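Inspection log for the structure reproduced underneath, given as structure tokens.
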Amino acid sequence: MPIHTSPNRWVLETQHTAYAFGLNSAGLLTHHYWGARLPRLDDYPIPADPAGFASTDGFGHFIPEEFPGYAGTKYIDPCLKVTFADEVRDVVLRYVDFSVKNSPQPALSIRLKDVYYPLTVTLHYRPHPDYDLIERWVTLENLGSEPIHVERIFSAKWTLPPGDDYSLTHMVGRHVDEFNLWREPLTPGLKTIESRRLIPSHRAAPWFAIDRAASEDAGEVWFGTLAWSGNFRISAEVTEFASTRVSIGLNDWDFGWKLQPGEPLVTPAAISGYTQSGFGGASRQLQAYVRDEILPHGQVPHKILYNSWEATLFDVDEASQSALAEIAARMGIELFVMDDGWFHNRNWDNAGLGDWWPDKKKFPNGLGNLIEKVNSLGMDFGLWVEPEMVNPDSDLYRAHPEWVIHFPTRARTESRNQLILNMARTDVQDYILGVLDKLLTENKISFIKWDMNRAASEPGWPDAPGDQRELWVRYVWGVYRVWGELRQRHPDVIWQSCASGGGRADYGILRLADQVWISDNTEATARLHIQEGYSQYLPAITMEAWVTDWNEGFMPLEFRFHVSMCGALGVGGNLIKWTESERELAAECIRQYKEIRAVVQLGGQYRLLSAQKNAYSALQYVSQDQAEGVLFVFRVHTPEKFNIPQIHLRGLDPEALYSVEGCGEPRSGLAWLEVGLKVELKNLQSRVLRIKRVSPNL
Ligand code: DGJ
């Protein structure tokens, strides 16, 4: 049983970790422990209640409260801030009771209540023992008769073991340059990572890792992520008394919520973990959890797709797509996806969004002929949509200008010539649901790329039933509702989440989408960086990666393939222009990928030499049973006298015998780990080497 309870103390245990908290002598819910699992329950420390310091600092600075509300002399970063109907802006929570539910998975709930007002706050904890992760979320309820105004509600706060010598790793980026890792010391004060754009955005990712002196392979790392596809906030705080804390939740920037009686507010789930196996260990825990517990189609390997975007842009029609499809099929592609440009009046990005029926000039007979053609070539058919958007030049906008996010007295800022439909509105949700359902019902579509190409501006919702600022949350719920309903009605369809590349890559969207388009940058060397950042919290099976024509003048096609083979392989180049020998090489790489696909998409991933830090990088995947693996090695541009580094394999059984393709006689797993190997490469060369267990014993 992973949940241990007593009247005033709770311990959650996973295979290797534990999390403990309880009531202190004053009845406050306080944090006790987050770290390695200990042999006995009594081993977990119960911190002494610290004495006060001076009248200038409240107890919040000494006592690590599990879920502090803003009240009294607490100047720390709180998890909850509200205004009651009588304008009192102070929330004093006291423990009420706890309960444990065993289904669908064991979860603990701790109920807190304001000492005066009818507000309850329930903290939920669900351990995921096999992944050494704990999921947390919060329910707010108004038991009174007047609304309570919520200004901030986070999903979780964690307190690190005492100390102020931690570093925070997080991600920064922009369009075509997503997922750059950034590690910095946490110093006294508050560090905030956030999105204010309606989606998690390219600028940051809803993920953090905190360590003291960890490496990729070893050392303690505390990490977490938020299952949320909208504005989020991570705040890491080091107090003046050397206490380090981190919180995650809905961003409170421009947030407001009118909590009505009888309408609970449930926050998105935070997923957190602890490891002593460094950043790599943390990633593998998260990646396995996503594969096994989150993805809609679980462990089913993803098909190799072709996407038309970079080849034809908006210039799609039956003839151009059929020509591409014929070549794609000959190369061994399994799924043909037609991107933007196929629907009514869509010839460039200035018109058409909202009118989701085939353009009469490009597809006079609808999509049926093309789909039949693609199917007859042995491939599934997929289609691009951007359902949340509308161009002012569209029938939909002319009929419903009031459906977009806007302030009535302000100009509507267009970005990529488009406006955002207000997905918080149920009439908008129903409309989108209707058109997409029709599209999927009338056509044999196996894959949908769901795109989202702009961030919010003038975030108004003039006829909102509650606080207009609920838009930030209700919009995301609207997307989830429509997408979720479509999934139920069309359970076999595979979905891709795209937001101008990797703007919406999170555990919320991955309950709906099977894979993610992680960047519009498909240049192979840039992609190595982007893929490494993405892998911190997301698995290779979700990482759609196309081989395209970027830098085709000097970047070998084989190198481009090898980079994309590190994820869910796709092709996006203009196949019409590819020579016969390039097509043959592509067919060979695709054949090879089919052999290693299960290991790449379902195996454990080891970042042996970082691509973000080195021009010579190596990445390894190992099957769950340790019977096989695959090693990718890349050399970008380095000086000629470059000293090829030793590569130490990981994840192998030290006591078994393994061969590594092209690297001599089989050796023990331990030898490959300890001694390693060298792979000689020239600039812009790459290798994919298969690893095989030739004997379980030495
Ligand atoms: C942005 C996406 O990231 C691209 O792959 C492509 O689908 C375009 N949108 C189409 O407009």
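Worth pointing out:
- The single condition among (1) outside any loop (DSSP other than H, G, I, E, B); (2) assigned by TED's automatic domain parsing to the domain that holds Gln592; (3) not acidic (Asp, Glu) that Phe314 does not satisfy is (1).
- Selection over region 550-564 of residues that are among the hydroxyl-bearing types (Ser, Thr, Tyr) and in contact (Cβ under 8 Å) with a residue 60 or more places away in the chain gives a count of 0.
- Applying the criterion of at least 1 residues that are over 34 Å from the mean Cα position of the chain (by Cα) to the strands (runs of 3 or more DSSP E) found wholly in region 590-698 leaves 657-660, 685-695.
- Condition check for Gly553: more than 20 Å from Met452 (Cβ to Cβ), of a type outside the set (Ser, Thr, Tyr) and within 17 Å of the chain's Cα centre (by Cα): no
- Checked against the criterion of being of a type outside the set (Val, Ile, Thr) and farther than 23 Å from Tyr616 by Cα, the candidates Glu655, Glu640, Glu674 yield just one match: Glu655.
- Qualifying positions in region 212-269 - touching a Pro at 6+ places or on another chain (Cβ under 9 Å), crowded, with 18+ Cβ neighbours inside 10 Å, among the charged types (D, E, K, R) and not in a strand (DSSP E or B): Glu220
- Restricting Lys101, Lys113 to those that are over 30 Å from Gln285 (Cα atoms) and free of Cβ contacts under 8 Å to residues at least 24 places away in the same chain reduces the list to Lys113.
- Residue identified as surrounded by fewer than 21 Cβ atoms within 10 Å (Cβ to Cβ), touching a residue at least 12 places away in the same chain (Cβ under 8 Å) and not in a strand (DSSP E or B) among Thr192, Thr187: Thr187
Here is a yes/no grid of residues against (1) under 20 Å from His302 (Cα atoms); (2) away from the ligand (no atom under 13 Å from the Cβ):
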| site | (1), (2) |
| --- | --- |
| Gly466 | no, yes |
| Trp483 | yes, yes |
| His490 | yes, yes |
| Cys498 | yes, no |
| Leu512 | yes, yes |
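- In summary, Leu673 fulfils each of the numbered conditions (1) open to solvent by 60 Å² or more (accessible area, probe 1.4 Å); (2) closer than 30 Å to Arg527 by Cβ with the single exception of condition (1).
- Close pairs (7 angstrom Cβ cut-off, 6 or more residues apart or separate chains): within 19 Å of Asp451 (Cα to Cα) in region 292-309, within 16 Å of the ligand (Cβ to nearest atom) and assigned to a loop (DSSP other than H, G, I, E, B) anywhere: Asn307/Asp339; Asn307/Gly572; Ser308/Val316; Ser308/Asp339; Trp309/Asp339; Trp309/Asp340; Trp309/Gly572
- Selection status of Leu575, of a type outside the set (Ser, Thr, Tyr) and either open to solvent by 40 Å² or more (accessible area, probe 1.4 Å) or in the same structural domain as Phe336 (by TED's automatic domain parsing) (or both): yes
- Test: Leu133 is open to solvent by less than 10 Å² (accessible area, probe 1.4 Å) and in contact with a Pro (Cβ under 7 Å, 6 or more places away or on another chain): no
- Restricting attention to region 317-338, the residues that are in a helix (DSSP H, G or I) and in contact (Cβ under 8 Å) with a residue 24 or more places away in the chain total 12.
- Evaluation of Gly508 against the conditions (1) more than 16 Å from the ligand (Cβ to nearest atom); (2) over 13 Å from the mean Cα position of the chain (by Cα); (3) of a type in the set (Gly, Ala, Ser) shows that the sole unmet condition is (2).
- Residue under evaluation Ala209, criteria (1) among the aliphatic types (A, V, I, L, M); (2) in contact with a Ser or Thr (Cβ under 8 Å, 6 or more places away or on another chain); (3) part of a loop (DSSP other than H, G, I, E, B), criterion not met: (3)
- Under the condition of being more than 13 Å from the chain's Cα centre (by Cα) and either in the same structural domain as Ser195 (by TED's automatic domain parsing) or farther than 21 Å from Gly298 by Cα (or both), the residues counted in region 520-550 number 17.
- Of all the listed residues (Ser581, Ser564), the sole one being polar (S, T, N, Q) and either surrounded by 20 or more Cβ atoms within 10 Å (Cβ to Cβ) or under 23 Å from Gly280 (Cβ atoms) (or both) is Ser564.
- Of all residues making up region 273-299, the number that are assigned to a loop (DSSP other than H, G, I, E, B) and either touching a helix residue (DSSP H, G or I) at 6+ places or on another chain (Cβ under 9 Å) or buried (at least 17 other Cβ atoms within 10 Å of the Cβ) (or both): 4
The values are calculated or read from the model by the stated rules, or taken from the named source; none is laboratory data. What you are looking at is a predicted structure, and each value in this text was computed from that prediction instead of being measured. Don't worry about glycine lacking a Cβ; one is built from the backbone with ideal geometry, like all the others, and counts go over all protein chains shown. Surface accessibility is based on the protein's heavy atoms, side chains included, excluding ligands, DNA and RNA. Shrake-Rupley method; radii C 1.70, N 1.55, O 1.52, S 1.80 Å.
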